[in-house]
Every structure is written in structure tokens, then in C-alpha cells.
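Note sheet for the following structure.
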Amino acid sequence: MKLRHITSINDLTLDEIETIFSLTDRYLAEFGDPEISYRIGRSTDACAGSLMATLFYEPSTRTRLSFESAMLRMGGKAISSADPATSSAAKGESLADAVRVVSNYADVLVIRHPRDGAVKLAAQYANVPIVNGGDGAHEHPTQTLCDLYTLRRENKTLKNLNVAVSGDLKGSRTIHSFVYALARFGANILMMPAKGMALPSNVDWRLRHEFHCAAVPKTAVKDASIDAVYVTAHEPHQLSLYAPDEDLASKLTKNIDVLYMTRFQKERWVEAARDYPRVDAKFLRAGRFRKTSVLHPLPRVGELDVSFDQDSRAAYFRQAAYGVPIRMALITLLLNIDRQFSLQQFDRGFLPADRHVYEQPRESGFLCANPNCISHDPLDVQNAAPKFHLIAAKPPRLRCFYCEYDMENFVAGHKRTKAYERPHEINLERPARDLVFFPDEQVAEAHGYGRGAPRPAKAVAH
Ligand code: NCD
């Protein structure tokens with residue numbers, strides 16, 4: 001049986017996401033009226049005999065409790081380490097060791113951690129399925145499942161939907177998983193960032209280069225609150241060089257189907273937020289919000305006013321409630337206990353599974369450029385060997401295996417010949433497997449690598 005981990009929303013194909021939703025529908029239907037039943041909490045015994053562990057190194061209310069509620073409602077059991085101060089992390093235990101230990105105590109593990117890419121590292125050391133409950137500013141895939149499922153229950157079809165995302169687009173992991181999924185399902189995304197909090201450049205790159213989004217920049221949008229409109233191409237002829245025009249962009253901004261609000265992620269910023277957007281009943285009276293479903297992953301801390309709570313467009317408490325049946329479905333699928341619904345029927349994941357992983361010696365000096373990457377965590381440096389995927393050659397691009405942060409400046413050496421080449425010379429169709437990366441030519445030469453021609457064996461450093 002293949003072990004499945006959910007570290008990113010992109011670990012799931014669209015068909016797999018639909019399967020999760022079908023099973024969620026079934027759980028809700030079994031409970032009777034969903035609006036009432038997920039509040040009164042009937043249960044099934046689908047997971048009787050199974051045990052889930054939640055390992056949370058960061059605060060949480062919804063994610064941890066809804067996972068545990070989901071497991072308990074299915075007749076399973078849950079054990080939890082919710083406070084790093086009372087776990088062995090306080091004694092300096094690495095995440096890798098904790099996972100090696102706890103994956104023998106439970107059948108499925110849910111992890112939340114302040115470092116980007118931590119759950120990917122954890123998955124390397126686990127012998128049970130691992131689920132990402134939020135890793136730093138990287139991703140929060142199960143929140144996205146709740147978000148998408150809420151839209152489905154609000155009768156919003158994702159294809160061509162105009163979704164505005166607002167607030168801290170840089171620091172919010174919920175936003176990153178959400179925009180990937182929106183693009184993959186064919187929605188258009190309207191970026192409404194707080195000042196200085198636009199989408200990180202690597203998320204923007206992936207939307208445009210991997211998920212077929214074309215961005216209309218701020219200068220063309222003519223709406224002060226909107227930074228850019230990302231139009232998702234659908235037709236094959238649109239997939240390359242697709243340039244949506246300004247008219248289309250301004251048409252999209254006039255009719256917003258969904259507004260997804262997020263709080264300022266103060267724990268991921270050094271300085272305080274200034275001019276953070278704030279949404280209330282009055283703001284949402286504008287014509288373009290007439291039929292808008294308003295979502296928020298919660299917690300809210302002032303950016304979404306309670307004056308709007310009674311409005312039928314306010315979907316955020318329904319969204320939080322769906323967290324339980326969605327996670328019931330996900331747990332059932334990961335534990336592979338339902339004959340009709342199974343993730344095993346699909347090929348693994350969405351991104352190319354055979355993308356080569358280049359493991360790097362730390363001494364090469366080429367490390368992930370994201371300072372919050374788990375590969376820099378002092379407790380885990382020995383466990384998180386620097387690893388990269390070669391994503392593109394023109395322009396050159398390496399992606400951190402853990403936190404998926406991209407890097408553009410490097411030279412590549414061949415371990416076999418000790419010759420280095422500039423990245424644009426790499427044949428991406430058939431890249432060599434023996435590449436080692438260096439920050440620049442000087443460092444490559446200091447390691448005994450030479451431009452083009454191989455060096456004599458005695459100069460070899462590795
Ligand atoms: C989010 C999180 O932890 O990333 N909360 C959640 O899981 N619903 C959002 C947030 O903290 O702002």
C-alpha cells in the first residue's frame with residue numbers, strides 16, 4: 001500500500017480533491033441536515049480502532065480541534081501534543097526524532113510547525129501518513145479543502161469564479177494553498193494585498209508558470225484596492241503568451257463572487273502592519289459585492305467586522321464548521337478504510353512525481369535562501385539535508401525540496417567531471433543526475449571545480 005502524505009494542496013490531484021468532497025457529502029448526508037448535524041455531532045464508527053496524533057508546535061484552535069473532533073466522531077481516538085513547552089521540543093528534540101517516535105504511537109499524524117517545509121521533512125521520517133496542519137508561511141492544505149468545499153456548498157462553481165483575496169497575502173499560508181487550488185480549478189484571482197504584503201514572488205511565479213495564470217498588473221486594473229488580476233487560461237491556445245486585456249480585467253473586478261479575508265500574520269513579521277484593510281457591513285454594500293460569499297480562515301482580529309456576521313453572504317462560520325466533515329473524509333481516505341472511496345485509485349499527486357531530487361553537501365555553500373526554511377532549524381540541520389528540484393533552465397531555477405522557495409542564482413557542477421556550467425547551459429529535458437550547486441563560480445572553483453574542462457583528480461574536493 002502506498003503511503004500518502006498531504007504536505008501541500010498540490011499533493012492532491014483535482015480528482016482526488018473531488019473524491020474528498022464526495023465523501024464529505026456522504027458524511028454530511030448520513031448525519032441528516034448538515035446545517036444542524038455538524039453542530040449536534042452524530043458519529044459513525046468508520047475509524048474504530050484507529051488512532052490519530054496531533055503534534056502542534058504553534059497555537060491552534062480550529063485545525064487541531066476539528067481534526068480531533070473528526071477522528072472521535074468516527075469512533076477513532078486522538079492523542080495530542082499541543083504545547084511545545086510541555087513536549088520534548090523544549091529539551092531540544094528534533095522534529096525528525098519526534099516524528100520517528102510518534103509515528104509508532106498512531107496511525108496518522110497531523111503536524112503544525114512554525115518553519116516552512118517542516119511537514120515535508122517530517123514525512124521523510126514517518127511510517128504513517130502525515131498531514132500538514134500549517135507549516136510556517138508555506139501552506140495549509142486542509143484549510144484550503146474547507147475553503148473550496150464551502151464554496152461548493154454555497155453553489156459557487158470554481159471555473160471562471162472571481163475570487164478576491166485580501167490582507168496579508170505574503171505571510172498567510174492559507175492564501176498560498178488557496179490560490180494554487182483556485183488557479184488549478186480555473187478561477188480568476190483578484191489580489192487585494194495589505195500595503196507591502198503582496199504574494200511572495202515564488203507563489204506568483206508558480207501561478208503564472210505552473211498553473212496557467214496570466215497577470216494583469218495594477219497599472220491596467222484601474223481600481224485602487226486591487227493590485228493585480230490573475231486570469232486563469234482554460235483553452236490550450238491560451239496557455240502560452242496569453243495576455244488578458246484591460247477590459248476583461250476591469251470587468252472581472254466589477255463582479256466579485258468571493259472575498260477571502262485574512263488577518264495580519266503578526267508572528268511572521270518584525271514590524272507592525274499599517275493601513276491594514278478592514279471589511280464591514282458598510283464596505284460590503286458596494287454593488288460589486290452584491291452576491292459575494294465572504295470567507296475567512298479565522299481567527300479574525302479586527303479586519304472583518306462583526307457587523308457583517310448576520311448577513312447571509314457571511315460564510316466564515318459555515319466554513320469553520322465544514323472543517324470537521326472535510327477532515328473526517330480526509331482521515332478516512334488516508335487510512336484507506338473505505339472500499340468505495342480511496343486515494344489509492346489515483347496516481348500519486350499532481351506535480352511530476354519523477355522530478356529528480358538533488359541532495360547537496362552543506363559545504364557547497366548553496367543552501368535554501370528562505371531563512372525560515374526547516375533546513376536552517378538548528379534542531380534539525382542534521383536531518384534536513386539541503387535538497388533541491390531543478391525547475392527551469394531559462395531562466396535558471398532551483399526549488400527547495402522542503403519549503404518550495406525558488407532560487408535563481410547558482411552554478412551547477414558535475415560531480416563526475418568536476419566541470420561546472422552556468423545554469424542556462426543545463427539541458428532541462430535530460431538534466432544530469434550528478435549535479436552539485438554552488439552560489440557562484442568562485443565557490444565552485446574553491447571546491448576544485450573548473451569551467452568546462454575537467455580538473456585533474458588531485459584537485460577534487462568531494
Ligand atoms: C489559520 C492558520 O493557522 O494558518 N488558521 C486556521 O487554521 N484556520 C489562519 C491564521 O492563523 O490566520
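In summary, the lysines within cross-link reach of K2, defined as a Cα separation below 21 angstrom excluding same-chain residues under 8 places away, comprise K120. The calculated pair-distance distribution of segment 240-292 uses every alpha carbon pair, bins of 5 angstrom beginning at 0, and gives 4, 14, 17, 16, 15, 14, 14, 6, 0 percent. Peptides 364-373, 120-129 ordered by packing proxy, namely the average of other Cβ atoms within 10 Å per residue, highest first: 120-129, 364-373. Applying the Kirkwood pairwise sum to the alpha-carbon positions of segment 220-334 produces a hydrodynamic radius of 17.0 angstrom.
Cα centroid separation, segment 5-31 to segment 254-314: 27 Å.
How do the peptides 248-261, 266-279 rank, highest first, by the average count of neighbouring beta carbon atoms within 10 Å per residue? It would help to have the intermediate numbers written out before the result.
Details: 248-261: 20.2, 266-279: 13.0.
Order by mean packing, descending: 248-261, 266-279.
Annotation for R451 and H414: the two label points, set 7 Å from Cα along the Cα-Cβ direction, are 1.8 nm apart.
Give, in whole angstrom and from largest to smallest, the semi-axes √(5λ) of the equivalent ellipsoid of the chain, with λ running over the eigenvalues of the Cα gyration tensor. Walk me through the intermediate numbers first.
On the way: eigenvalues 277, 172, 82 Å².
Largest first, the chain gives 37, 29, 20 Å.
By DSSP, what percent of the beta bridges with both residues in segment 155-314 are antiparallel, rounded to the nearest 5?
Values: 8 of 23 bridges.
Bridges in segment 155-314 that DSSP calls antiparallel: roughly 35 percent.
The order of the peptides 158-165, 186-193, 392-399 by mean Cβ neighbours within 10 Å, most packed first, is 186-193, 158-165, 392-399. Dipole check for the chain: with +1 at the C-beta of Lys and Arg, -1 at the C-beta of Asp and Glu, and the Cα centre as origin, the magnitude is about 120 Debye. Taking segment 155-314 as the region of interest, the number of lysine pairs whose Cα atoms are within less than 19 Å, with members eight or more places apart or on different chains, is 20. Once backbone amide H atoms are built at 1.01 Å from N, A78 has M52 as its partners under 5 Å, excluding neighbours fewer than 5 places away on the same chain. Could you tell me what percent of the DSSP beta bridges with both partners in the chain are antiparallel, to the nearest 5? If we restrict to bridges inside the chain, about 40 percent are antiparallel. Look at the dipole of the chain built from charges on Cβ: of M328, I189, I374, the Cα furthest out on the positive end belongs to I189.
Basic side chains Lys and Arg get +1 at the Cβ, acidic Asp and Glu get -1 at the Cβ, and with that the dipole of segment 155-314 about its Cα centre reaches some 240 debye. Each of M71, L148, Y125 was placed along the dipole of the chain (beta-carbon charges, centred on the mean Cα), and the one lying farthest toward the positive end is L148.
According to the Kirkwood expression over distinct Cα-Cα pairs, how big is the hydrodynamic radius of segment 358-446, in Å? Numbers along the way, then the final one.
Numbers: mean 1/r = 0.0759 Å⁻¹.
Across segment 358-446, the inverse of the average 1/r is 13.2 Å.
Isolated cysteines in the chain, defined as those with no second cysteine Cβ under 4.7 Å, comprise C47, C146, C213.
Under unit Cβ charges (Lys, Arg +1; Asp, Glu -1), what dipole magnitude, rounded to 20 debye, does segment 358-446 have relative to its Cα centre? Please report the intermediate quantities before stating the final value.
Details: 11 positive and 14 negative charges, 63 e Å.
Result for segment 358-446 is approximately 300 debye, rounded to the nearest 20.
With Kirkwood's inverse mean 1/r over C-alpha pairs for Rh, give me the Rg to Rh ratio of segment 155-314, two decimals please. The partial results should precede the final answer.
Details: Rg = 15.1 Å, Rh = 15.9 Å.
Computed over Cα atoms, the ratio is 0.95.
With Cα atoms defining each centre, segment 103-152 and segment 362-428 are spaced 24 Å apart in the structure.
Applied to segment 274-286, the Karplus parametrisation 6.51 cos²θ - 1.76 cosθ + 1.60 on θ = phi - 60° returns per-residue 3J(HN,Hα) values of 10, 6, 5, x, 9, 10, 9, 4, 5, 4, 7, 7, 4 Hz, with x for Gly and Pro.
What is the ratio of the Cα radius of gyration of segment 1-158 to 2.2 N^0.38 Å, where N is its residue count, to two decimals? Mind dumping the intermediate values first?
Details: Rg = 16.0 Å, N = 158, 2.2 N^0.38 = 15.1 Å.
Here the Cα radius of gyration is 1.06 times the empirical estimate.
Potential lengthening of the chain between S307 and D247 amounts to 18.2 nm, from the contour at 0.36 nm per residue minus the alpha-carbon distance.
All of the numbers you see were taken from the coordinates with simple rules; none came from a lab. Keep in mind that this is a model prediction, so the values were computed, not measured. For neighbour counting, all protein chains shown are included, and Cβ atoms are generated from backbone atoms with ideal geometry for every residue, glycine included.
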